Amino acid sequence: MKSFSRQQKQLVLLLAPATLFLGIFFIGPLLIMAVYSFLEPGLYGGVEWNFYHWNYGRVLGWADGFYEEFDLVYLEILARSAGLALATTLLTLLVCYPAAFWISRMSTRGKALCLFLITLPFFSSMIIRLYAWILILRDSGFANQILDALGLISEPLGLMYSSTAVVIGMIYIFVPFMFLPLYSSVEKIDGKLIQASQDLGAAPLTTFRKVILPLTLPGVIAGSVLVFIPSLGNFVVPSMLGGAKVVMIGNLVEQQFLYARNWPFGATLSMLMIVSMLVIVSFYLFKVMKNQPQS
Amino acid sequence: MKGLISAVTSSKRLSKTAALACLGLSGLALSSTTLAEQTLNLYNWGDYINPEVIERFTAETGIKVTLDTYSSNEEMLAKLQAGATGYDIIFPSVHMQDVMTSLNMLEKTNINKAPGFENILKDHLIAESDPKGEYCLPYAWGSVGIVYNKKLVPELNSWQEFFALPSQGKKITLLDDMREDIGIGLIMNGKNVNSTDSQDLKAAQQFLLDQKPNISALTYDTIPMVQSGDIAAGHYYVGAMMYVNEDPDTLAYVIPKEGATMYQEDMCVLKSAPNKSNARKFMEFFLQPEISAMNTIQQTNGSVNKAAISLLPAAMRDNPNMNPPVETMEKLQVFKDLGKGIKLYDRVWTKFRTAS
């Protein structure tokens, strides 16, 4: 029998708390969800312990033939959620990318102040901040009042309760998640590399494409993953700013647990979301590892 | 402790404070010794009981009351099923009371034998599992109608007028609630709000889909939006009367003439209740007309106690939208449990919410 070295024993001891914690509070619930997604819904919530394949079928449009008809409504919701999450990701990237360059050239004090300002919203509740957005976006709100006073509009824009409002709210919430990883990779860029590229005659666009972008790519990908995943599952913003008319996958899961009393279907939708996120994160890890210089 | 008091006697005010603190401490010690039989734990909807009612009960009986809240029947049931214990009285909607009875969770209290029960209106003994009131005490009810901004909409009497508002450039909202919204679709087709007939639901779905482009939002934040005029009219509970009374020049509430849904909650004792006799005392306390009226006045909802109704201020008692006449009452439908039929509703709701 092989005996363990002292180092190995120490390692086991040090890793045990984290392993136990993740095992009990992460893997455990995940397994329950995976099992539930194959069971029949109980009449009053909960599950019946019978194998039930309609949960996954239902997402793809197949119906149980009794209560349902063939309908792609769930795929439609999935696609729409992905679209909104993608729009949020791209727009936060567009906002944060130039800002990261600008802030990285500031004095140390200026940098500290800007980073503090960007993390400042975390100090108050998201719900309260979204209510503030209602006051801004509604027809009698600040945005319309200001535009009206400036003579730019004669009618309210009707921003409130629209997909636009949802995307605005999500950008607002997720900007820090995009900015921080992006900033850390922008700040690390060696200015000499850009100079070298310019000296060798590269046009500004070529310098950006061949030098700056590859150097900031890890930050771009990390930020995009951090924004895309939570915005895909977000259901608070669509409820509050979208007037619940813009159904996202998160709303659908909430509905299954709280109103439809269909825990297995809610579990199925959550499993699908987790699997798709795993795919995205693996893609990210693959990309980052490929970009890392061999060290 | 004595040393502490003498150390601060230099100031009269301080010594008084210290003495009070001591009194408070001894009071605490006293109550903790008798804690076992002197508590009552309520589990109710948020903001669904007048705090003064609880204070009066504690003052009269010495029973300490704790209050936890939930925001939906399903949440309450799920918590209790998951093993939450310690609660004595819960306030389920009547259809949830039926579910809980079938799950054998409710205690038979024979509250219908208690003095004052004769004041409970028979029209409100509507739980199918409890037609005589042997288990639960009818608590409160209310209609779900329309709150509107009088400056934008001078008069509103029907769902038809409500759904016509967007064509005049005025915005409307519905509640973000599956049963309530599908209920309107069923009412507009002359169907029962508890129908599980797929044809009825198809008709309701079609009605809702036709309205969807005109509906600004599905929301519970109706009152501030209607008050500010951002929304002209919104689907809302009779509890809106609380705001209507504060701002009667702007706001009004109406039960549409085609009919509407109504909710009713009953006060029930759990089988697992640790303080059943205190729970019984609370139910008897609540049967007193003046206590019941005190609750209704603060809640601005409907009373189920005819002696309490006569104690209400005239403005509430004579308001046909708060204390509706018989012909309006007949047009109000209460939700029943749908059983497996809930799947049909879930489908319609998803279709409705996804449609653009």
Among the candidates A:L193, A:L182, A:L217, A:L205, single out the residue that is closer than 22 Å to A:M106 by Cβ and surrounded by fewer than 16 Cβ atoms within 10 Å (Cβ to Cβ). A:L193
Subset of the range A:96-134 [β-branched (V, I, T), surrounded by fewer than 16 Cβ atoms within 10 Å (Cβ to Cβ) and either under 30 Å from B:D221 (Cβ atoms) or in contact (Cβ under 8 Å) with a residue 12 or more places away in the chain (or both)]: A:T119, A:I127, A:I128
Hey, A:M248 within 14 Å of chain B (Cβ to nearest Cβ), under 17 Å from the mean Cα position of the chain (by Cα) and of a type outside the set (D, E) or not: yes
May I ask you to say which residue of B:T58, B:T101 is more than 15 Å from B:C136 (Cα to Cα) and β-branched (V, I, T)? B:T58
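Counting just the residues of the range B:130-165 that are of a type in the set (D, E) and under 24 Å from the mean Cα position of the chain (by Cα), which one comes out nearest to B:P213 (Cα to Cα)? Working first, answer last.
Taking the range B:130-165 as the starting set, the residues that turn out to be of a type in the set (D, E) are B:130, B:134, B:155, B:161.
In the following step, the residues that additionally are under 24 Å from the mean Cα position of the chain (by Cα) were identified as B:130, B:134.
Details: B:D130: 42, B:E134: 47 Å.
Among those residues, the one meeting the criterion is B:D130.
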Going through the range A:269-291 one residue at a time, which ones are buried (at least 16 other Cβ atoms within 10 Å of the Cβ) and polar (S, T, N, Q)? A:S270
Residue among A:S197, A:S140, A:S154, A:S185 that alone is under 29 Å from A:F228 (Cβ atoms) and polar (S, T, N, Q): A:S185
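Of all the helices (runs of 4 or more DSSP H) wholly in the range B:202-286, which have at least 3 residues that are buried (at least 21 other Cβ atoms within 10 Å of the Cβ) and either modelled with pLDDT of 95 or more or not basic (K, R) (or both)?
Numbers: elements: B:222-227, B:241-246, B:276-286.
Where helices (runs of 4 or more DSSP H) fall fully within the range B:202-286 and carry at least 3 residues being buried (at least 21 other Cβ atoms within 10 Å of the Cβ) and either modelled with pLDDT of 95 or more or not basic (K, R) (or both), they are B:222-227, B:276-286.
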Given the conditions (1) in the same structural domain as B:F285 (by TED's automatic domain parsing); (2) basic (K, R); (3) buried (at least 20 other Cβ atoms within 10 Å of the Cβ), every one holds for B:K171 apart from (1)
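Could you please find all residues in the range B:331-348 being assigned to a helix (DSSP H, G or I), more than 7 Å from chain A (Cβ to nearest Cβ) and surrounded by 18 or more Cβ atoms within 10 Å (Cβ to Cβ)?
The initial filter retains those residues of the range B:331-348 that are assigned to a helix (DSSP H, G or I), namely B:339-348.
Within this subset, residues satisfying the condition of being more than 7 Å from chain A (Cβ to nearest Cβ) are B:341, B:345, B:348.
The answer is B:Y345, B:V348.
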Considering the range B:224-252 alone, what residues qualify as being hydrophobic (A, V, I, L, M, F, W, C), more than 13 Å from every other protein chain (Cβ to nearest Cβ) and over 16 Å from the mean Cα position of the chain (by Cα)? B:A233, B:V244, B:L251, B:A252
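Anything in the range A:155-166 that is aliphatic (A, V, I, L, M) and buried (at least 22 other Cβ atoms within 10 Å of the Cβ)? List them, or say none. Explain how you work it out, then say what you get.
Residues of the range A:155-166 that are aliphatic (A, V, I, L, M), as a first pass: A:157, A:159-160, A:165-166.
Correct list: A:M160, A:A165, A:V166.
Yes/no per residue for (1) within 24 Å of the chain's Cα centre (by Cα); (2) farther than 30 Å from A:L159 by Cβ; (3) within 14 Å of another protein chain (Cβ to nearest Cβ); (4) of a type in the set (G, A, S):
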| site | (1), (2), (3), (4) |
| --- | --- |
| A:G28 | yes, yes, no, yes |
| A:E40 | no, yes, yes, no |
| A:V59 | yes, yes, yes, no |
| A:F70 | no, yes, yes, no |
| A:L75 | yes, no, yes, no |
| A:L86 | yes, no, no, no |
| A:L90 | yes, no, no, no |
| A:P98 | yes, no, no, no |
| A:L120 | yes, no, no, no |
Out of the residues in the range B:68-115 meeting the condition of being part of a loop (DSSP other than H, G, I, E, B), more than 14 Å from chain A (Cβ to nearest Cβ) and within 19 Å of the chain's Cα centre (by Cα), tell me which one is nearest to A:Q255 (Cα to Cα). B:F91
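Quickly run through the range A:139-154 and pick out the residues that are in a loop (DSSP other than H, G, I, E, B) and either in contact with a Pro (Cβ under 8 Å, 6 or more places away or on another chain) or surrounded by 14 or more Cβ atoms within 10 Å (Cβ to Cβ) (or both). Give the steps one after another, and end with the answer.
Narrowing the range A:139-154 to residues in a loop (DSSP other than H, G, I, E, B): A:139-141, A:150-154.
Within the range A:139-154, A:D139, A:S140, A:G141 qualify.
The values are calculated or read from the model by the stated rules, or taken from the named source; none is laboratory data. Predicted model only: the values in this text are computed from it and were never measured. Quick reminder, even Gly has a Cβ in these numbers, built from the backbone with ideal geometry, and neighbours come from all protein chains shown.
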